[in-house]
Every structure is written in C-alpha cells, then in structure tokens.
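The values are calculated or read from the model by the stated rules, or taken from the named source; none is laboratory data. Owing to the predicted nature of the structure, the values given are computational and were not obtained by experimental measurement. Reconstructed Cβ throughout: ideal geometry from the backbone, glycine too, with neighbour counts over all protein chains shown. With ligands, DNA and RNA removed, areas are computed over all heavy atoms of the protein, side chains included. Shrake-Rupley method; radii C 1.70, N 1.55, O 1.52, S 1.80 Å.
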Amino acid sequence: MESVLQSLLEVARNPAPAVTAWKQGTNGKVIGWLPIYVPEELIHAAGALPVSLWGGSTEIARADAHLQGFACSVVRSVLEYGLKGTYNMVDGFIFPSTCDHIQNTSDIWAAVFPGRPKFDLVYPANRQSKASAAYLERLFTGLQEWLAALTGSAASEGRLRESIGIYNHYRALSAELAALRSSRPECMSDLEFSLITKSALFLEKTEYNRRLAELLPWLARRTVRPRPKVRLVATGIMAEPQGILQVIDELGGAVVADDLALGARILRAPADETLPPLSALVDRHLRLGPCSTLYDCRKERGSHLLGLAARHNADGVLFLSMKFCEAEDFDYPVLKAELEAAGLPLLLLEVEQQMSALGQVRTRLQAFLEILAQGAGR
Amino acid sequence: MREMSRSANFLLGLTMLYYTAPRQADRKKNPVAWCSSIVPVEFLRNMDVLPLFPENHAALIGARKMGVELAEAAEAIGYSNNICSYARADIGHILTGKSPVDGLAKPDFLVCCNNICGTVIKWYENLSRHFQVPLFLLDTPFNHEREIPEHSLQYVEGQLREFIPWLEGVTGKVFDYDRFQEIAIVSNETSRLWREVLTLAKHKPAPFSAFDTFNYMAPIVTMRGTPEAKEYYRLLLDELLQKVKEGTAAVESEKYRLLWNGIPVWYSMRPMLQLLAKHRANLVCSTYTNAWVLEFDPDNLLRSMAKVYTAIMINQSLGLKLNRMEKMLRDFDLDGVIHHSNRSCKPYCFGLYDLSRQLQAGSHAVPEMIFDGDQTDPRHFSWAQFETRFQSFMETLALSRTR
Ligand code: SF4
Ligand code: SF4
C-alpha cells in the first residue's frame, strides 16, 4: 500500500510522466485548465484528460517579458512553464474568468501562442441573476463544442452522466480523506495530504478513485506522527510552497481542515445526478462557494471558517495569502475583524510559489503555534 | 492670475453641487448611491438617486497628495499595499473622515459594474459589509472575441431588466419608463458633446492637452444624464471651438503629438506637463478619457446599453485594444505613445508588453515609452525613472523625425 501512496505523491511532485503515459496509452487529448473552477466532467466525458495548471516553484525568467512582476505567481509561473515548453503535451487550454490576472493572461497567452487552442470560460459573476443560468448553459455548450472539435467526437449525454457519477465519487472519497485528517491527523503528514489532493489534478479520475479507495482503509490505521499539539484550519489559494506544511509539522501542528482553493473549494458541492447532466453542472456552479473569487456580498467566508474551526476543533486559522491576489487580499481585513470578534486566532502569511527561504515563515509560525498551544491546553 | 473661463466657473459650481447635494439630501426623495466609475447612471437619475463615485474622489485624493496618508490608514487595518490604490484611498477616507472635499456622504445603497475590473467587485463587497447597505452587481462579461457574444448581451440585458425592480425596492419609488427614455437621450447628447470636445484635439496645434481633459472629464463621469452636465460640455465646446479658430495652442510650437495610455498619475500632473512642454510635446489624447463616450440607440435602449456598458476598452481583448489605439494614432495624427504600467490597475496594464510588440509589428508603429507608476500612491512611482525614460523617448522621437 505504501507503493500506492508513493505513486500518488510522485505524480503530484512531477506530473509530466503520468500525463505523458496516459496520452501514449490512450492516444487521447490533454486539456490544461487554469484555476479555480472548471467543469472537468465535460472534458472527461469527451474522452480527454483534464490537467489542472496552478503554476509552481519555477524561477521566472521568460515570463517577465510579457507580464509585470505584480502579477500573482500562479499566472507568472504558468506563463513561464508555457514558454519553457513544460506544457508541450497539452493540446488545449481553458482560461476561466477567475480574476483580472487570469483574464488578462489569457490574452497574453493568445498573443504568445497564437496557434494553440484556447477556450475562455467567462463565468457569470452575478450568479444571483436569473439570467445567469441560461448564460452558463450556453457557455458550457460552447465548451462542449470546442472539446468536440478538438477530440473529434462529441460526448453523448450518457457519457456525461457517467463522468458526473465518477466526479461525485471523487468528491466523496476526497471528503473521506479530509475527514480522516481531522479525526486521526497522526495517520498522514500535512504534506502527504496536500500531495494526494494535488495528484488528483493530473490523473484520470476512475484511476485516481481506485487508488484512493484502496489507500483510505490503510491510511486509517497508519501512524506517522504524534498527536498534534495544535490544530489549524488553512485558508487561501493553496498551501504552497509546500515547505510551509513541513514547518507546521515540525513545530507539532497539523492542518485538520482547509478552505483552500486547491483543496476544499474545488471539491465542494456534488453535482445533482437527478438533473439532466448539463443542467447539473450549471446548477453546481451556481451553488459553489464561499470563495474569494465568487461574488458574495454577504461575505460568508467568515462564518464558514468559524464553522470549520468549531466542527474540527481547531485552535486557529492560517491565512495563506498569495502575494498580489486581490481576491484574497480584500477578504483578509474582513475576516480578521470577524475572527477577532469571535476570539478565533488568525495568522496571515504572505506566500509566493517562488519563495525559497522560509526562515521568517518559521519564526512567525512558531510564535503563533506557541500561543495556540497554551490556549489549547494540550 | 488668469481669469477663469465661463466653463471653468460652471465646472466649479457643478463640482460643489455634486459633493454637497448628497450631504443635504432628504434621503427619502434623493437616496445616495456609491457607484463604480462606469455604471448605467441613467437608471439612477431616473429614480432621483444621487450617485457618488469613490474612484473619482480617490483621484482627487491623489491629486491633492493625500494618497499615501489615506492608503496607510487602510493598510493599518489589514488591506494589502498591493491592491488598487483607489480602493485603499477610499477605505482610508472612510476610516479617518479625511478628504480634500469633506468626504463622500454615506451611501444608502451601492451599484457596481465590473466593466473596468474585478477589483471593484471585491471593493464593493467590503463597502456593502461596512455600511450594511444593499449592493447591485451588474456583471458585464469580459470579451475575448472580436465581437461581444450574443449570450453575453442577453445576460447583461437580463440584469438591466432586474435592476429596475431592485431599484424600485431600495428607493420605494416607481420606475418611469418615459422619463428614463428622456434621461438616456440627455446622457447620449452629453456623451456626443464630450466626444466632440475630445475630437477637437485633432487640430494642429491641439487647443488643449489630455491633462486638461482629465479636469474636463469630471461631469461626464459623475453627472452624466443631467441637463447641467450637458450644459457644461456645450459651454466648453464653444470655448474650445473659439480657441481653435484663434489658433491657440496648448503647447507652444507643438512639435510632438502623443497618446497617453493609462490612468493619469494624479499627484504628478504638473511636473509632467512642464517636462512635456519643455520638449514641445503635447499629450493630445488618452485612451482613458475616451472610456466615457457612451452612446446608446434610444429605440433599443436596454439592448444597446447592455452593449455599450460591456464594450469598455479594458473589458475587451488585446486585439480590440490594439485596434482602438491604432485608430487613435491615425485619427489624431500622433507621433508616439506613453504607456502607464500602473501597479494599481491590473486590467489596464497586464498585456501592455505584448500590445506594444504588436503595435511595433503593425502598420502604425510609432515610438513608445512605458513607465512604472501608480495613479494615487506615489510610493510606487519614481520621477527619476519617468524623466530618464522620457528623455530617451524624446531622442527616439527626434530621430524618427529626421528619417
Ligand atoms: S492566486 Fe488569485 S490572482 Fe492569482 S490566479 Fe489565483 S485567484 Fe487569480
Ligand atoms: S483596478 Fe483599475 S479599473 Fe479597477 S478600480 Fe482600480 S484603477 Fe479602477
């Protein structure tokens, strides 16, 4: 079983071999998509492999000629990987309208790679409007048509239904994994949890589901670390650079629940299988949230975090703020006030994927965890 | 001191009215709404709502050099220094009460349209939370294509239809469709006058500079749809036509005619103006002031409003931005472009480098300069860098002249 775990960790650390192997084995198309929300079911049903591109720790060199240094590290590194040829096995790209950074990088992408197929998933930001469902349905139909042209075959309704089932299963298994780290954090490190979650972004989901289902009962009995002294909720775009998770681990803390985009946010809201398949995906998108990138004038993220902390018996919240991400930056002061008023400690850590020195992060985490450990009385 | 022109006097009065009327208003009759910079104000005027524009106010904060102080007040409660400085200045003014004009009267509700950026959505979420007032979001999907897709237009039009009952709910008034039509026509005519004003810069020498238009623009932003704003542009147009007739030049012996691409550097207008004049260069026009030329089809109002409010330049693809820029270069017979790589305004400047590359590869290649700045926060602007780049830009321009 250890080997199944290692295989997933390896995929997350170095996805290219797994993606290339899938492509050679199936002769299928690989569709890369940028964060945060893309209905992968449509890609899966078209017989293509969806892979999710959230950037990485690459040094930025070529991308600087196209994008200013005050763009977030996700779009800068995605562009860098594109220019370096890392995505050469990717046949088509989907750019959702997540934020100004991605939206404008999409146009830069078109200028830099004029021949490469690209689809702009411009979501309705006003999901309260009655007009948004029809718009979204048209948008997803357009995506289906684009995929059909790229793969050479249109996905039937039956196939889409199947894919939706597979993805709901994926979400259910992911929820089990998440429940496990809360009930028995000693069974895997934070880094392992994060890498398992990330490996799903590059694997065909039937395959991923099979491996994860095998792994879960084994993980449940496994012990790799002592019971954590401090239990944390992590919120933000992603827990990267991953060294941060190791630092938390070393300091005797554990992330027992998260509200990360590359984490719980994309795994929320199963699709309603009683609806016609396309409507089910429309309906799911309309229900997603809370998320800093989905318009919400009630700002429910605060109460969501308070709820998470209470349910998972957490001692504090870690706000992993991706540098230059306005969506997250605007939420922070509101959350800070709300969590302070509720007496839930919050630590802000500004992160960039390219960050290599974690000395400062360690010092701040150490101080935070020490305070929490006293309060936790463990 | 030079005597103030009639239009300048009128503008002063309008500005006073714009800021004071909301403060004194009976909110039952005249509710106050805070709005992002390009919302369909015609709907609001029709309900006798008094709109206020935090971005416009923030520009004034920048011009009066209060940007740093107010931004820091916002940063002190956790706002990142990396977010748009308009938002920080506005939030700082809410927290401290400080402002060059006694501040903005508190809103009864908010209207936000993301045709300029996604930042305003986050900013207005927070305003709604802070003031505990309702917020209407008009979502105008970004257009990556050559034409705005039909389903986008239907969606925007659908939201405009929903805006009406929403407004009726928050104001307790009934929406009068006939009056709406009349207001839209006034708004249209004001836009037309504004376009005519901007077009006068085609004359050689240009009778004014883009720096002047940054002052002229206040009413088209804040009072569009009122007879007063229309009257102002009528007056202004007359005066400027007179200047053209007399051959008055904004810059003595105008030699270089330049395009400004970006939001002004509000706190540094005077030194820039002086530097340019020294080189006999005039900023003849800007992509910025053109954003408020909004002309509707009165016979198909909601539909054409949906289109016009979506088709804001920074809400569209790089290709369309380039087309627009090349057209201005041609129409105004321009010699070069100054691009503001603005740390605050991501949608205005991400893509600038490739836009510039495409411009150079196209049929309208002219010398360009790009400088790093920020519209309200001088901590992200270096005069030394601006000056150095401007010098070498002038050298390139001089060379291109002799060729
Ligand atoms: S980190 Fe923030 S700014 Fe960057 S792509 Fe994600 S949502 Fe956009
Ligand atoms: S980001 Fe740009 S468009 Fe948006 S409010 Fe700031 S300056 Fe205006």
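Structural remarks
- Burial of 30 Å² or greater, the range A:121-157 residues [accessible area, probe 1.4 Å, versus chain by itself]: A:122, A:125, A:126, A:129, A:131, A:135, A:138
- Within the protein assembly as shown, percent of DSSP bridges classed antiparallel, to nearest 5: 0 percent
- In order along the range B:240-245, the phi-based Karplus estimate (6.51 cos²θ - 1.76 cosθ + 1.60, θ = phi - 60°) of 3J(HN,Hα) comes to 5, 4, 4, 4, 4, 4 Hz; Gly and Pro are listed as x.
- Length-normalised contact order for the range B:37-114 - Cα pairs under 8 Å, 6+ apart - percent: 32 percent
- Applying both filters, DSSP loop and at most 10 other Cβ atoms within 10 Å, to the GluC sites (Glu not before Pro) of the range B:228-294 gives B:252.
- Exceeding the 28 Å Cα-Cα cut-off - candidates B:255/B:307; B:230/B:307; A:299/B:346; A:118/A:336; B:28/B:230: B:255/B:307; A:118/A:336
- Taking the convex hull of Cα positions in the range B:6-171, its mean projected area over all directions (nm²): 11.4 nm²
- Rounded to the nearest 20 debye, the dipole magnitude of the range B:2-151 is 540 debye, with +1 charges on Lys and Arg beta carbons, -1 on Asp and Glu beta carbons, and the Cα centre as origin.
- Cα-based helix-to-principal-axis angle, B:318-331 vs chain B, degrees rounded to 10: 60 degrees
- Classification of the range A:15-152 by its C-alpha gyration tensor yields an oblate form. The axis ratio a/c (a ≥ b ≥ c) is 1.5 or more, and b/c is at least a/b.
- Anisotropy class of the range B:229-328 from Cα gyration tensor, a/c 1.5 cut: oblate
- Cα pair count fraction exceeding 35 Å, expressed as % - chain A: 22 percent
- Net charge dipole, the protein assembly as shown: roughly 620 debye, given to the nearest 20, about the Cα centre with Cβ charges of +1 for Lys and Arg and -1 for Asp and Glu.
- Placing pseudo-labels 7 Å out from each Cα toward the beta carbon at residue A:246 and residue B:231 gives an inter-label distance of 7.2 nm.
- Charge-dipole axis of chain B as Lys and Arg at +1 and Asp and Glu at -1 on Cβ define it, positive-most pick from B:366, B:274, B:99: B:274
- Amide H partners (placed H, <5 Å) of residue A:118, local residues excluded: A:93
- Considering the range A:322-378, its Cα convex hull presents a mean projected area of 4.8 nm².
- With respect to chain A, whose longest principal axis is taken over its alpha-carbon atoms, helix A:73-84 is tilted by about 50°.
- Cα convex hull of the protein assembly as shown - mean projected area over all directions, nm²: 34.1 nm²
- Here is the list for the range A:220-306: GluC sites (Glu not before Pro) lying in DSSP coil, each with at most 16 other C-beta atoms within 10 angstrom of its C-beta, are A:273, A:300.
- At least 20 Å² accessible surface lost relative to isolated chain, residues of the range B:140-156 (1.4 Å probe): B:141, B:142, B:144, B:151, B:155
- Within the range A:254-280, backbone nitrogen closer than 15 Å to the virtual label 7 Å beyond the Cα of residue A:154 toward Cβ: A:278
- The 3J(HN,Hα) values that the Karplus relation (6.51, -1.76, 1.60; θ = phi - 60°) gives for the range B:254-261 are, in residue order, 2, 10, 10, 10, 10, 9, 9, 10 Hz. Gly and Pro appear as x.
- In the full protein context, the range A:15-152 carries 31 Å² of accessible surface per residue, based on a 1.4 Å probe and ignoring ligands, DNA and RNA.
- Counted charge near residue B:394, where neighbours are those whose Cβ lies closer than 11 Å (Asp, Glu -1; Lys, Arg +1): +2
- Residue-normalised accessible area of chain B, expressed per residue, 1.4 Å probe, Å²: 38 Å²
- For the range A:169-176, backbone phi angles converted through the Karplus equation (6.51, -1.76, 1.60; θ = phi - 60°) give residue-by-residue couplings of 5, 4, 5, 5, 5, 4, 5, 5 Hz, Gly and Pro being listed as x.
- Area buried, chain A against chain B - accessible surface, total, 1.4 angstrom probe, square angstrom: 4100 Å²
- Applying D = kT/(6 pi eta Rh) to the range A:206-246, where Rh is the Kirkwood radius over alpha-carbon pairs, T corresponds to 10 °C and eta to 1.306 mPa s, the Stokes-Einstein value obtained is 120 µm²/s.
- For chain B, the Cβ-based charge dipole about the Cα centre amounts to some 780 debye (Lys, Arg positive; Asp, Glu negative; other atoms uncharged).
- If you take the Cα centroid of the range B:101-141 and the Cα centroid of the range B:1-74, the two points sit 15 Å apart.
- Each 10 Å bin from zero holds the following percent of Cα-Cα pairs in the range A:270-369: 13, 34, 31, 16, 5, 0.
- Note on chain A: with neighbouring protein chains present and a 1.4 Å probe, carbon and sulfur make up 53 percent of its accessible heavy-atom surface.
- For residue A:30, the residues 5 or more places off, or on other chains, whose built amide H falls under 5 Å of its own are A:49, A:91, A:92.
- Furthest towards positive pole of dipole, A:253, A:154, A:242, structure part the range A:144-275, Cβ charges: A:253
- Values of log10 I(q)/I(0), in the order q = 0.08, 0.13 Å⁻¹, for chain B under a Debye, Cα-only, solvent-free model: -0.42, -1.18
- Coil-residue GluC sites (Glu not before Pro) of the range A:1-94, DSSP, other Cβ within 10 Å capped at 14: A:59
- Think of chain A as a dipole: +1 on every Lys or Arg Cβ, -1 on every Asp or Glu Cβ, centred on the Cα centre; then among A:45, A:324, A:9, A:9 lies furthest on the positive end.
- Gyration tensor (alpha-carbon) shape descriptor, the range A:102-252, a/c threshold 1.5: prolate
- Once the Cα atoms are used to define both axes, helix B:119-131 deviates from the longest principal axis of chain B by about 40 degrees.
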